Amino acid sequence: MLHAKVKSETLKGIVDIVSTLVDEAKFNVAVDKLTLKAVDPAHVAMVNMTVQKDAFDEYSADETELGVDLDKMKEVLRLSRAGEVMELQQDEERNRLVINVGNITRRMNLVDTTGMSDPKVPNINLPAKVAVNSDELQKGIKAAESVSDHIALTASPDGFEMFSEGETDSVSLKLPKDLLISLECKEKVRSLFPLDYFSNMVRAIPAGTVVTLSIGSDYPVKLEFTMADGKATVDYLLAPRIESD
Amino acid sequence: MLHAKVKSETLKGIVDIVSTLVDEAKFNVAVDKLTLKAVDPAHVAMVNMTVQKDAFDEYSADETELGVDLDKMKEVLRLSRAGEVMELQQDEERNRLVINVGNITRRMNLVDTTGMSDPKVPNINLPAKVAVNSDELQKGIKAAESVSDHIALTASPDGFEMFSEGETDSVSLKLPKDLLISLECKEKVRSLFPLDYFSNMVRAIPAGTVVTLSIGSDYPVKLEFTMADGKATVDYLLAPRIESD
Amino acid sequence: MLHAKVKSETLKGIVDIVSTLVDEAKFNVAVDKLTLKAVDPAHVAMVNMTVQKDAFDEYSADETELGVDLDKMKEVLRLSRAGEVMELQQDEERNRLVINVGNITRRMNLVDTTGMSDPKVPNINLPAKVAVNSDELQKGIKAAESVSDHIALTASPDGFEMFSEGETDSVSLKLPKDLLISLECKEKVRSLFPLDYFSNMVRAIPAGTVVTLSIGSDYPVKLEFTMADGKATVDYLLAPRIESD
C-alpha cells in the first residue's frame, strides 16, 4: 500500500533520473523509503536510487512493489505547476495508481513486475574520486558532441579532464584541481565511455548539483549525487568502452 | 464595399476562431457589422460569429460578401505588431483586398463565394448551461490528450466534469459548482465529443475568456463567448459522438 | 602564423556573414588585418570582408592563409558565452587551428586552400545609393516570403521600395525618403533578385546595422556595412534575375 503527497518537482526529478535508462520501472516501497534499481536494456548502465520518506510531504506505506510506466508519469507531471503538490494513491483492488493534481485525477494501470528482478549492484573499487558541479559536466559533453561518439574521463593528481577525439578534430575540457569541489587521486586513471549514455545520464541530473565521479582505468564510472535536499540519493554506474588503439 | 481600420489583435482573434474550422471563409459585410457562418468540411462543427462595427477603429461598408483565404490573412497578421492598426480596403474593380500595415501593402485576390452558402444554424434546446474560464477547459484538454481521442462533458447540479478513458488509463477534471462562474443544471447530462475538434476550438479562444457551454445528453455542445471587449460574439457548435458501450 | 584573442560575438559575426555563402573559406592573414573574398557555389553572390587587427583583443600574425571549416567554427562558438574571449592559435606543424574558450580546447584540422583562389571583385558602377536600417530590410523580406521567390528593389528620388508579386497576390514595403538614413538617386532604378539569397544575406547582418544598398537597373545590388564598431567592413554583392515579362 502506498499513499503519498509530493511536490511535483521532487517527483519529476525522480522520474527523470530513472527514465533515462528504462521506460518501465519497479519501485520497491518500504514503510520509510522508496528504492529502485534498474539496468538499461543493453546492460550498459545502472541506476540505484533511495528516496527517504521525508522527501515526501506525506508518506504512508506498507511493503510492496509498484510497476510504473514512466512515460505516463511524465504526462501527468506535465499537468502540474512547479510547487504544486501531487497525491499518489495505490488502488490495490484494481492494480492502479491514482494521481491527483489540482482538480485533475489520473488513473493508470500499474505494470506487471513479475520478471522485473532487482539487478545486483557490482562491488567495484574505483581509485579516483572527483567532485564537480554538474554544469561543468554539461559543458564538456556539449563540446564533445560535435567531435566524437565517445568521451574519455581522466583523473590525475592535478585535475580532471573530459576528452573526445574524432578523425580530424579533438576537444577537451580541463578542470584543474582548484576548479573542482574535491579531488582524491594518487595516480592518473582514464576510461572511455559511450557519449550518448554519459550525456543522457548527466542531463537527467538537476542543474547545479554536486556530482562525485569515481573513476578507474578501463573501469566503469560511478556518478553519485543527492536530490530533494539530500533526502534522495542516486548512484549511476556506466560501463566503459575498451579502447582499441 | 468595405473600408476599415482594426487593431491587429482584434483581426487575429477573428481569423483564429474561423480558421480552426475552414481555410476559406465568406464574411457577410453589412453597414453596421460583419457576420460569418461556417461549417468544417466534415460537417462536425460550426461557427457563427458577429463582429459589431465598433470592434473596428474605423468602419465604413455597403452590403457585400468577402471571400477570404484565411492562411493569407495569417501571413499578413504575422507582419504586424500587437497594438498596430491594420487598414483593410476592398478593391472592387480587381476583386482584391488591400491591407496596409505600417509601410507594408499586401494585395490579395478575394476568393469566389459562389457556392459558399450560409449553413443553417440548428435550433436545439440544451438543458444545462456551464460558464467557465477557458483556461480550465485548456487544462482538461491537456490532461485528456494522452489518454484518449474522445472527451466526455458532464454537467450535474454539483458541477462540471471533463472525462477521458483509454484502454488502461482514465483522466478527469472535476470543477465543483464553486469553481464555476455559473451553473444551470437540473439533472445530470453527458455527451461525448471528438477531442481533436474540441481541442482546436478551445485553443482558438483567447486565454482567460469566459465560455458558456450548453450541454445535453448525446447532443451537440454549444460554446458561447465574446471577444473584442464584447463587440464580437461567437457560437461554436460541435456534434457529439454516440457512445457504443 | 596567427595567434589572436577575440570576443566570441565578434568572431560569430564574421562567421555568420561568410557561412551564408560558403561552408569552407580561405582567410588571408596579414600582419595588420584578416581579409576574405568568397563566391557561393552557384556564383550568384559574393562577399568581400576586411577585419582590422584592432577588432581583436590581441592579434599577432605573419602573412598566411587559413582554410577554415565554418560549421566547425559554429560548433565552437556555441560553446562560448557572450562577452567571452576566445583564443585562436595556428598550429603550423600539424596544420591545425587550436581554439581555447574557457576551460575547453578544440583542435581542428585546417582545410586545404589549394584551388581556393580569390574571386575577382567586379568593378561596377551603380547609380543609386540607399542607406537603411537592416531591420527594415528584414521586415520587407518577411512580407515578401509568403508571396514570391523573387524580390524587386527599386530606388527613386522619392524613396526605396521592396516589391514581390505572386500569381494572385503582391506585397510591397515602401520607405519614403524621410524614413531612410540617406538617399542618393537621380532617376528611378529597379532590379529583381532571388529572395532566398537576399534573405540569407540580410539575416546574417546584425540587427540594427546601417546597410548601404547600391542599386542599378537589371544590375547587381551591393550591400555595404560595418561590424565590430567599424573595425570590420563587409561588401555583399548579389547578381540580379532578369525579368522575363
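Nm distances between the label at residue C:120 and the same-position labels in the remaining copies, 7 Å along Cα→Cβ, shortest first?
Spelled out, the distances from residue C:120's label point are 7.9, 7.9 nm.
Looking at segment B:83-118, which residues lose a minimum of 20 Å² of accessible area between their chain alone and all protein chains in place, measuring with a 1.4 Å probe and not counting ligands or nucleic acids?
B:96, B:103, B:104, B:105, B:106, B:107, B:109
Excluding ligands, DNA and RNA, what is the accessible area buried between chains C and A, summed over both sides, using a 1.4 Å probe, to the nearest 100 Å²?
Its buried surface, counting both partners, is about 1200 Å².
For chain C, what does the helix formula give at 222 nm: sum of -39500 (n - 2.57) over DSSP H segments with n ≥ 4, over the residue count, nearest 500 deg cm²/dmol?
Dividing the helical sum by the residues of chain C leaves -5000 deg cm²/dmol.
Roughly how crowded by other chains is peptide C:169-177, in terms of the mean Cβ count from those chains within 10 Å of each of its Cβ atoms? Numbers along the way, then the final one.
On the way: counts 10, 7, 9, 5, 6, 4, 1, 1, 0.
Mean number of neighbouring Cβ atoms from other chains: 5.
Have a look at chain B and give its Rg and Dmax from the Cα atoms, expressed in angstrom.
In order Rg, Dmax, the Cα atoms of chain B give 19.3, 61 Å.
Restricting the count to DSSP beta bridges whose residues both fall in the protein assembly as shown, what percent are antiparallel, rounded to a multiple of 5? Let's see the in-between values first.
On the way: 258 of 258 bridges.
Counting DSSP beta bridges with both partners in the protein assembly as shown, the antiparallel share is about 100 percent.
Return the Rg/Rh value of segment B:98-162, two decimal places, where both radii are evaluated on C-alpha atoms and Rh is the Kirkwood radius.
1.21
I need the inter-copy label distances for residue C:203: point set 7 Å along Cα to C-beta, values in nm with one decimal, smallest first.
2.4, 2.4
Nearest 20 debye, what's the magnitude of the dipole of the protein assembly as shown about its Cα centre given +1 on Lys and Arg Cβ and -1 on Asp and Glu Cβ?
Roughly 1060 debye for the protein assembly as shown.
On the accessible surface of segment B:2-109, probed at 1.4 Å, how many percent belong to carbon and sulfur atoms?
41
Enter the mean number of other protein chain beta carbons within 10 Å of the beta carbon of each residue in B:219-226, as an integer.
Neighbouring Cβ atoms belonging to other protein chains average 0 per residue here.
Just to confirm the numbers: residue A:178, label point 7 angstrom along the Cα-Cβ line, distances to the other copies in nm, shortest first?
Here residue A:178 shows inter-copy label distances of 6.2, 6.2 nm.
Per-residue Cβ counts within 10 Å, from other chains only, averaged over C:141-150: what number is that?
If you average over the peptide's residues, the count of other-chain Cβ atoms is 3.
Compute accessible area for segment C:61-77 by itself and then with all protein chains, 1.4 Å probe, and report residues whose area falls by 10 Å² or more.
Relative to the lone chain, where solvent access is computed with a 1.4 Å probe, segment C:61-77 loses at least 10 Å² at C:72, C:75.
Using θ = phi - 60° and the Karplus form 6.51 cos²θ - 1.76 cosθ + 1.60, what ³J(HN,Hα) does each residue of segment A:11-22 get, whole Hz, x for Gly and Pro?
5, 4, x, 4, 5, 4, 4, 7, 5, 5, 10, 9
Taking θ as phi - 60°, what are the ³J(HN,Hα) couplings along segment C:100-105 by the Karplus curve (6.51, -1.76, 1.60), each to the nearest whole Hz, with x for Gly and Pro?
Karplus-based 3J(HN,Hα) across segment C:100-105 equals 10, 9, x, 8, 9, 10 Hz.
Cα atoms only, segment B:128-238: Rg and Dmax in Å?
Rg and Dmax of segment B:128-238, Cα atoms, are 13.1, 45 Å.
Please state, as a whole number in µm²/s, the translational diffusion coefficient that the Stokes-Einstein equation yields for the protein assembly as shown at 10 °C and 1.306 mPa s, with Rh defined as the Kirkwood radius across alpha carbon pairs. List each step's numbers first, then the result.
On the way: Rh = 31.2 Å.
For the chosen part, D equals 51 µm²/s.
Can you work out the Karplus-derived ³J(HN,Hα) for every residue in segment A:51-65? Use 6.51 cos²θ - 1.76 cosθ + 1.60 with θ = phi - 60°, whole Hz, and x for glycine or proline.
Karplus values, whole Hz, x for Gly and Pro: 10, 5, 3, 7, 6, 9, 6, 9, 7, 9, 8, 9, 4, 6, 10.
For segment A:128-238, what is the accessible area per residue in Å², given a 1.4 Å probe and the full set of protein chains?
Counting only protein heavy atoms, the per-residue value for segment A:128-238 is 42 Å².
Over all directions, the average projected area of the alpha-carbon convex hull for segment A:2-109 comes to how many nm²?
Directional mean of the projected Cα hull area for segment A:2-109 stands at 6.3 nm².
The values are calculated or read from the model by the stated rules, or taken from the named source; none is laboratory data. This one's a predicted model, so the numbers in the text were calculated from it and none came from an experiment. Every residue, glycine among them, receives a Cβ derived from its backbone with ideal geometry; neighbour counts consider all protein chains shown. Note: areas computed on protein heavy atoms with side chains; ligands, DNA, RNA excluded. Shrake-Rupley method; radii C 1.70, N 1.55, O 1.52, S 1.80 Å.
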